[in-house]
Amino acid sequence: EHFVHVELSEALPALVALIEGHLLRERVEPVRTPLSPEALLERLDLALGEQGVPFGDVVEQLHEVLAVTPTTASDHFFNQLFGGRDGAAVVGEALAGVLNNSMYTYKVAGVHVLIELLLVKRMGALMGYDEPEGVFTPGGSLSNLAGMVMARNEAVPDLMDRGSDGRALRIYTSADSHYSIRKAASMLGIGRDNVVKVAVDERGRMVPEALTKAIAADRAAGHVPVMINATAGTTVLGAFDPLEPLADLAQREGIWLHVDAAYGGSMVFHPDFRAHFAGISRADSITWDAHKMMGVPLTCSVVLVRHKGHLTKHFNETADYLFQDDTDDLNPGTRSLQCGRRNDVLKLWTAWKTHGDEGYRRRVQVLRDNTLYAREIVEREPRLELVREPESLNLCFKVGGARADKLCTAMNRRGRAMVGHAFVDGEPVVRLVFLDPTLPRERIDAFFEALLLTAEEGELPEVSR
């Protein structure tokens with residue numbers, strides 16, 4: 001018997017053909033009309049069998065899979081906090097798959113550990129850290145989880161070994177913060193009921209006075225304040241919590257301050273937005289996602305820590321079968337949530353090396369200009385109503401005579417655009433997000449024309465069967 005092996009030299013031409021075919025289809029069909037799960041299972045041969053099939057047949061099936069995959073990098077995609085496609089970063093992404101290094105030791109990752117250390121130092125310096133520590137994670141939710149683990153352990157020092165002593169551990173976050181905070185609380189045994197949602201002002205920013213009262217009430221009740229989670233770029237409004245007064249409060253109360261800058265962190269490249277980051281250098285930890293505003297392929301997130309040694313303190317475990325050479329500084333596995341870890345740093349380094357800080361400053365400027373251009377359209381059009389001034393790159397508005405959630409669904413089903421909806425003041429709104437710097441103004445005009453046309457048409461079509 002022998003194992004049928006597909007050589008990379010045979011696979012690469014197939015990969016190129018698949019990519020070229022996908023890009024061509026994307027230009028012709030920038031929005032895919034969604035199919036039901038039943039229709040997809042009927043159309044595609046997805047089943048795995050006892051016997052394999054020739055690689056050429058698999059490639060043909062991959063063409064079919066790509067043909068029905070939602071297009072999330074076209075100029076008709078405004079649905080999530082990512083968009084567009086950076087060719088330089090894609091090259092780094094592809095090479096990471098070819099190399100297949102695991103990022104736990106210098107022994108097996110080599111130069112890529114040095115690249116990670118360099119990126120951590122550079123990103124930490126942009127946030128005002130003198131001696132930053134950090135590690136890349138598979139997404140902002142995991143970076144936030146890492147921050148919460150450190151905060152919990154610092155608040156209750158013997159918890160790592162002995163477990164909870166029964167006291168309620170309290171996490172404070174804004175009412176508009178990301179859902180990963182509640183999810184992490186449930187995973188860590190803190191409990192979702194112990195996540196305190198602090199009131200926000202009319203711009204969606206956490207109110208420090210409300211936070212002060214919440215902490216005082218919890219201390220009086222015998223609870224343990226563990227962490228303040230500030231958000232730099234909320235998911236719906238793109239708002240930045242007031243970091244300086246929150247840092248003052250955290251210092252005064254002796255509470256860990258974490259800043260979830262997964263979305264908004266990249267705005268630090270632009271001098272016009274640095275005021276939003278005043279006080280962030282005082283945070284104990286920061287989440288920053290490069291796969292959002294920096295345009296790097298999913299996923300590419302980092303958790304940064306102000307004081308060197310905290311990650312190792314809270315995540316290191318003895319493993320003499322793995323950590324056999326070099327110092328802990330050169331073995332990122334000693335400060336990571338994971339053991340085996342994908343190389344997510346090469347794609348960011350490749351893109352950053354190509355664009356430089358100035359390139360990212362220009363990127364942020366273009367994205368902000370597009371947001372303000374769209375805002376002007378909303379202001380001019382009597383059928384549209386702006387619900388908030390855009391704090392960053394999110395534009396939230398209503399469309400007269402149409403419910404936003406149904407309207408956004410209709411846009412997708414009719415193949416016109418993929419755009420998200422959200423709730424502001426308890427009412428559904430269109431949440432238009434600009435993350436693709438290659439987007440021409442004509443495409444923005446066309447989006448609003450299609451939106452208004454869809455609103456006029458009324459009833460939604462059924463999902464394709």
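Using a probe radius of 1.4 angstrom, the carbon and sulfur fraction of the accessible surface of the range 117-247 is 50%.
How do 402-413, 158-169 rank on mean C-beta neighbours within 10 Å, highest first?
So the order, starting with the most tightly packed, is 402-413, 158-169.
For the residues Ile19, Ile228, a 1.4 Å probe over the protein chains yields an accessible-area ranking, largest first, of Ile19, Ile228. Listed cross-link partners Lys183/Lys398; Lys121/Lys308; Lys308/Lys347; Lys183/Lys347 are compared with a 22 Å cut-off, the Cα-Cα value being larger for Lys183/Lys398; Lys308/Lys347; Lys183/Lys347. In the chain, Cα pairs under 8 Å separated by at least six residues give a relative contact order of 21 percent. Taking only the Cα atoms of the range 230-273, the ratio Rg/Rh comes out at 1.02, with Rh defined as the Kirkwood radius.
Structural descriptor for the range 125-249: relative contact order 26 percent, calculated from alpha carbon pairs under 8 angstrom and at least 6 residues apart.
Averaged per residue, the chain has 47 square angstrom of accessible surface, using a 1.4 angstrom probe with ligands and nucleic acids left out.
Along its first, second and third principal axes, ordered by size, the range 250-380 spans 65, 41, 23 Å in Cα coordinates. Measuring nothing but how far apart in sequence close Cα pairs (under 8 Å, 6+ apart) lie, relative to its length, the range 269-380 scores a relative contact order of 28 percent.
Charge tally around Asn394: other residues with Cβ under 9 Å, Lys/Arg +1 each, Asp/Glu -1 each, net +1. Screening the chain for whole DSSP H helices of 27 Å or more along their axis (Cα) with average Kyte-Doolittle hydropathy at least -1.0 returns 8-28, 345-380.
Per residue, the Cα convex hull of the range 1-115 amounts to 186 Å³. Sorting 276-288, 66-78 by their mean Cβ neighbour count within 10 Å, with the most densely packed peptide first, gives 276-288, 66-78.
The values are calculated or read from the model by the stated rules, or taken from the named source; none is laboratory data. Everything quoted here is computed from the prediction, not taken from an experiment. Note: ideal-geometry Cβ built from the backbone for every residue, glycine included; neighbour counts use all protein chains shown. For the accessible areas, the whole protein counts, side chains as well, though only heavy atoms, and no ligand, DNA or RNA atoms are used. Shrake-Rupley method; radii C 1.70, N 1.55, O 1.52, S 1.80 Å.
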